[in-house]
Structures are given as C-alpha cells and as structure tokens.
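**Student:** One structure follows; several queries about it will come next.
The values are calculated or read from the model by the stated rules, or taken from the named source; none is laboratory data. No experiment lies behind these values; they were computed from the predicted model shown. A quick note on method: Cβ atoms are made from the backbone with ideal geometry, for glycine too, and the neighbour counts reach across all protein chains shown. Just the protein is used for accessible areas: all its heavy atoms, side chains included, with ligands, DNA and RNA removed. Shrake-Rupley method; radii C 1.70, N 1.55, O 1.52, S 1.80 Å.
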Amino acid sequence: MFSSSSAVARSAICTAIASINEVHVIFWGEHNNIDITPFQKLVRKTLSFLSGELKSESNLQRFYVEFQDWRETLEEDDSLAWRITELCFASLSSAVDCLFDPECDDLSLIENTLFGLYEEMDELGADSEPLKEYWSALKDEWQEQLNGKTQRPLPQLFFRTLNESDASLFGLER
C-alpha cells in the first residue's frame with residue numbers, strides 16, 4: 001500500500017494511474033464509439049496543474065465538472081475493458097478530489113481495485129505476476145520522487161518517469 005500522507009502526492013499518483021492506463025480508455029472508447037475527450041482533457045489539465053504550468057484552480061475544476069457530467073452519461077458494461085476504464089475514471093476523480101480536499105485518500109481503494117483486476121486477468125488465463133512487479137516498481141519510484149512533497153509544482157523527474165513508462169499497468173504499449 002501507499003505511504004504518502006501528502007494530498008498533492010496522492011493526487012499525483014492517482015493522476016499517474018489514469019495517465020499510464022489511458023491507452024485502455026482509448027481502446028474502450030474506440031470499441032464503443034465513444035468520444036473520450038473529457039477524460040483526456042482532465043488528465044492533461046491535472047498533470048499541468050501538478051507541474052505548476054496551470055495555475056487556475058477554477059479552470060481545473062471546470063474540466064473536472066465536464067468530466068463528471070460526461071462520466072454520468074456512460075453506460076456500464078460487464079467487461080474487463082470497462083472495469084479497467086472505470087479504474088482510470090475513479091483514479092482521475094480521486095486525483096482532483098485530493099487537490100481540493102486534503103482528507104481525500106482513495107489510494108488503498110484504487111490499489112485494491114487494481115489487484116482485483118489482476119486477479120480477474122489471472123482467472124481469464126493471463127499471468128499477472130509480471131504486471132504486479134511492474135506496478136510495485138513504478139509505485140516505489142513515484143513514492144520516492146514524491147516523498148516529502150506537499151505543494152505544487154512537483155519535481156520534473158516524476159513527470160519524466162511517467163512519460164517514459166512504455167506500458168500500461170495491464171501490459172499494453174503506450
């Protein structure tokens with residue numbers, strides 16, 4: 001589990017989870033003929049806010065509201081692709097919530113959901129062990145980079161590590 005007590009660090013990790021798995025949301029959107037622009041915009045704006053490039057909280061909140069309104073229009077389905085997409089949505093929502101509510105801490109819930117998806121993949125015949133190891137390595141690296149960070153902007157090393165990650169947490173190339 002996570003050891004960060006900083007709201008901005010929790011937000012960064014949640015945003016990273018949504019960002020690194022964006023390829024799954026793209027796949028799900030294309031498969032269902034759904035425009036995922038509200039998700040993509042909020043990911044970019046949240047990363048910009050965490051890096052200090054975007055300074056306006058009201059601008060970030062506007063994109064958050066657009067994302068939440070869009071998310072409410074979506075219909076759930078019974079597929080692994082939907083559950084991975086929903087993990088991304090929940091992570092992104094939590095990322096913004098952490099920024100405006102320092103008590104928000106959904107990281108354990110998000111990580112438990114991630115491991116539940118790995119178990120589901122195992123039941124479908126995949127071997128999730130390498131994915132769990134990949135997740136553990138990324139999580140440790142992100143936590144080290146964010147250790148003690150309580151304010152924006154976050155270190156550029158965090159963003160470089162995220163951008164250099166070449167696969168999602170579920171093994172798809174980015």
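**Student:** Take every Cα-Cα pair in the chain and report what % of them are more than 22 Å apart. Provide the component values of the computation, followed by the final result.
**Tutor:** On the way: 6033 of 15051 pairs.
Distances greater than 22 Å cover 40 percent of the Cα pairs.
**Student:** Once you put a point 7 Å from the Cα of A167 and another 7 Å from the Cα of S5, both along the Cβ direction, what distance in nm separates them?
**Tutor:** 3.6 nm
**Student:** Let me check something: with ligands and nucleic acids excluded, how do T73, T161 order by accessible area (1.4 Å probe), largest to smallest?
**Tutor:** Details: T73 100, T161 15 Å².
Solvent-accessible surface, decreasing: T73, T161.
**Student:** Right, here's the next one. Once you list every other residue whose beta carbon is under 14 Å from the beta carbon of A7, what net charge do they have if Lys and Arg are +1 and Asp and Glu are -1? Display every interim value, and only then the final one.
**Tutor:** Details: positive: R10, K149, R152; negative: E57, D97, D101, E103, D105, D106.
After counting each charged neighbour, the total is -3.
**Student:** Which one, Y118, S56, L42, is farthest towards the positive end of the dipole of segment 28-174 when Lys and Arg carry +1 and Asp and Glu -1 on their Cβ?
**Tutor:** The one lying farthest along the dipole's positive direction is S56.
**Student:** Separate question: Please state the relative contact order of the chain as a whole percent: Cα pairs under 8 Å, 6+ residues apart?
**Tutor:** Once normalised by length, the contact order is 39 percent.
**Student:** Let me ask something else. Mind putting a number on the dipole of the chain about its Cα centre? Charges go on the C-beta only, +1 for Lys and Arg and -1 for Asp and Glu, and I need it in Debye to the nearest 20.
**Tutor:** Result for the chain is approximately 1060 debye, rounded to the nearest 20.
**Student:** Measuring from centroid to centroid over Cα atoms, what is the spacing of segment 90-123 and segment 1-77 in Å?
**Tutor:** 12 Å
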